[in-house]
Amino acid sequence: MRSRSMALPGVLLCGAVLAACTGGPPEPPETPPAVTGDPAARAQAEAWLDAAALPPGAVRSDAGVAEFLSFTGWPCTPVEELEGYWAVPDATVAETANWLLANPTADLVTTGIGPYPDDSELDNVTVGYIPAEGSQEGVVYTVVQTADGVAVRAEVAALTESAVCPELPDGGTLGPPGQG
């Protein structure tokens, strides 16, 4: 099956170059995210994960539910990070992504584009949610095709009180979470 990603071309190129150089897709950091000691940020991340909205029939799972070949790099640090995983039997990537777009998590707004076409070659997409325009925190869902449906991973990040975002040259701005 040919893979078609809905990520930006530059991100695809960077991933392809990295995969070619390393012999595989980019790997997430090997160490788990550090707990920052910011109780408010931790509580916010937990609240967003607890409020995760998944399609009917979704079953809570663990990281072994599927192989996810990408990860969200939160540019502003430090953050409190959490992950959640689900299996959605008998679903397609497009159906699940479109359901996520139509059913916001908590009080968050989507950064996603869509609707996604019901195309059997569409095997992974991301749908991001943030609390406000320009935010660099929230939830990024990754939906990947599996043998019996799809798997969904929610990557959650809440900015700590001391979080700092990088300054970009020439007045550049950071893209929204979930946009590649």
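Within segment 85-101, the residues that satisfy the criterion of being free of Cβ contacts under 8 Å to residues at least 40 places away in the same chain and buried (at least 19 other Cβ atoms within 10 Å of the Cβ) are ALA94, ASN98.
Any residue that is modelled with pLDDT under 95, among the acidic types (Asp, Glu) and over 21 Å from LEU122 (Cα atoms) - is there at least one of those in segment 76-86? No: segment 76-86 contains no residue that is modelled with pLDDT under 95, among the acidic types (Asp, Glu) and over 21 Å from LEU122 (Cα atoms). For segment 42-84, the tally of residues that are assigned to a loop (DSSP other than H, G, I, E, B) and open to solvent by 70 Å² or more (accessible area, probe 1.4 Å) stands at 5. Going through (1) in a strand (DSSP E or B); (2) open to solvent by less than 50 Å² (accessible area, probe 1.4 Å); (3) among the hydroxyl-bearing types (Ser, Thr, Tyr); (4) more than 21 Å from ALA91 (Cα to Cα) one by one, SER135 falls short only on (1).
If the condition is being of a type in the set (A, V, I, L, M, F, W, C) and more than 18 Å from the chain's Cα centre (by Cα), then segment 145-162 contributes only ALA147. All conditions in (1) modelled with pLDDT under 95; (2) open to solvent by less than 60 Å² (accessible area, probe 1.4 Å); (3) under 11 Å from the mean Cα position of the chain (by Cα) hold for ASP119, with the sole exception of (3).
The values are calculated or read from the model by the stated rules, or taken from the named source; none is laboratory data. Being a predicted model, the structure only gives us computed values, none of them experimental. All Cβ positions, glycine included, derive from the backbone under ideal geometry; neighbour counts span all protein chains shown. Side chains included, ligands, DNA and RNA excluded: accessible areas come from the protein's heavy atoms. Shrake-Rupley method; radii C 1.70, N 1.55, O 1.52, S 1.80 Å.
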